[in-house]
Amino acid sequence: MATARAFACAGVVGGELVVAGGSAGGDALASAEAYDPSIAAWRPLRPMREGRQGAACGVVAGSLVVAGGGDLRSGPLASVEAWRAGAWRPLPP
């Protein structure tokens, strides 16, 4: 991965391991990366709408759904985002 991160979440979408959010130096990250095992390489993805550390995530109907988490400065989040087809989309909380 290009970005060191703790407290991230991950799931397999479209044959790639997608890693989203987490924290670096105490700051919640909005960044995401995908690992493609067929070429043994990471690539950056578009960032999530909000930085989140400690979020829960899972793959639902081919999308990586990232729920909750938070930022030490602003507190916990009730928002939910889904990665699919190259974009993050908000879902109802």
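Key figures for this structure:
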{"read-out": "Qualifying residue in region 30-43 (condition: in a strand (DSSP E or B) and among the β-branched types (Val, Ile, Thr))", "value": "no"}
{"read-out": "Breaking point among (1) aliphatic (A, V, I, L, M); (2) surrounded by 16 or more Cβ atoms within 10 Å (Cβ to Cβ); (3) within 16 Å of ALA6 (Cα to Cα), for VAL65", "value": "(3)"}
{"read-out": "Filtered residues of region 71-93 (kept if outside any loop (DSSP other than H, G, I, E, B) and either of a type in the set (Lys, Arg) or over 14 Å from ARG49 (Cβ atoms) (or both))", "value": "GLY75, PRO76, ARG84, ARG89"}
{"read-out": "Number of positions in region 38-58 that are over 15 Å from ALA87 (Cα atoms), open to solvent by less than 90 Å² (accessible area, probe 1.4 Å) and touching a residue at least 24 places away in the same chain (Cβ under 8 Å)", "value": "8"}
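The values are calculated or read from the model by the stated rules, or taken from the named source; none is laboratory data. Here the structure is a predicted model, which is why all the values come from computation and not from measurement. Note that each Cβ is placed from the backbone with ideal geometry, even for glycine, and that neighbours are counted across all protein chains shown. For the accessible areas, the whole protein counts, side chains as well, though only heavy atoms, and no ligand, DNA or RNA atoms are used. Shrake-Rupley method; radii C 1.70, N 1.55, O 1.52, S 1.80 Å.
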